[in-house]
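Notes follow once the structure below has been shown.
The values are calculated or read from the model by the stated rules, or taken from the named source; none is laboratory data. It should be emphasised that the depicted structure is a prediction, and the values quoted were computed from it without experimental measurement. Heads up, the Cβs are rebuilt from the backbone with ideal geometry, glycines too, and the neighbour counts pull from every protein chain shown. Protein only, heavy atoms only, side chains kept; ligands, DNA and RNA dropped before computing areas. Shrake-Rupley method; radii C 1.70, N 1.55, O 1.52, S 1.80 Å.
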Amino acid sequence: ELKSKIKDGFYPVGTLLPTESELESMFQVSRTTIRKAVNMLTLEHYLEVKQGYGTTILNPSTSQKLNCITSISETLATKGYHVSTKGICLERIPASEKIARIFHLKTGQPVYHLQRVQYTDGSPIALVSNYLKLSEFPDLEKHLPLEKGLYHLLETEYYTVFKEADEQISAICANFTESQILQVPLNSPLLCSKRITYSENGAFEYVISKLIAD
């Protein structure tokens, strides 16, 4: 019943769940039962318990398992969304100083730059820009348009084993180009993820993803 009320918005995201004593009274059950229910909903990312503050309602649609490496499309697919790519561009470009440092290359050495616009339910949801170590993925152009997703391709065609990743997540304001492509007002909030992904051979990917806030 608590889960249904959270999903229906009876308990709005960001607000506090009633106290244990209030829930005991509402449902006529023991405190042990209440704590077990709250613990189950916490594990499912519906609630967050903060000692000395209370239990906060979370938006379960925004949760992502951070103990495994997934792409945006894979993460959204687990939430029930159908993700498609309607704009894609793959180029070989000279590595900038930053990209060269990440991949342990010399500045100017060629790397792949893959740009995509991802859609769900017919609307643009994300701008994704991947930089990939060219030597790890020869002839990547032959595999476009990535019908099953980039990570699926890297695992099945190039036998890449995803070992670990460093990811920074922040909020940014949409500039003019981003607002036009994602069809949101200028300066709208976007979720920005910057990730370096590693295999046994070291860093092979640097990806910048910008998603519409909702």
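By accessible area, using a 1.4 Å probe on protein heavy atoms only, segment 1-100 has 53% of its surface on carbon and sulfur.
If you plug the beta carbon distance of Asn175 and Ser96 into 1/(1 + (r/R0)^6) with R0 = 22 Å, you get a FRET efficiency near 0.70. Of the residues Glu155, Glu20, Glu200, the one with the largest accessible area comes first in the ranking Glu200, Glu155, Glu20, computed with a 1.4 Å probe on protein heavy atoms.
Just to verify a number: FRET efficiency for Tyr158 and Ser123, C-beta to C-beta distance, R0 = 41 Å, to 0.05? Using R0 = 41 Å, I get an efficiency of 0.85.
For Lys36, the aspartates and glutamates whose Cα falls under 13 Å of its own Cα, not counting residues fewer than eight places away in the same chain, are Glu20, Glu24, Glu44. In a fully extended conformation the segment linking Val49 and Ser30 would gain 5.0 nm over its present Cα-Cα distance, using 0.36 nm per residue. Potential lengthening of the chain between Thr56 and Tyr81 amounts to 6.4 nm, from the contour at 0.36 nm per residue minus the alpha-carbon distance. Once R0 is set to 30 Å, what does the formula 1/(1 + (r/R0)^6) return for the Cβ-Cβ distance between Tyr198 and Lys7, expressed as a FRET efficiency to the nearest 0.05? Result of the calculation: an efficiency of 0.25.
DSSP loop trypsin sites (Lys or Arg not before Pro) in segment 128-212 with at most 15 other Cβ atoms within 10 Å of their Cβ, which ones? In loop regions of segment 128-212 (DSSP not H, G, I, E or B), the sparsely surrounded trypsin sites (Lys or Arg not before Pro) are Lys148, Lys163.
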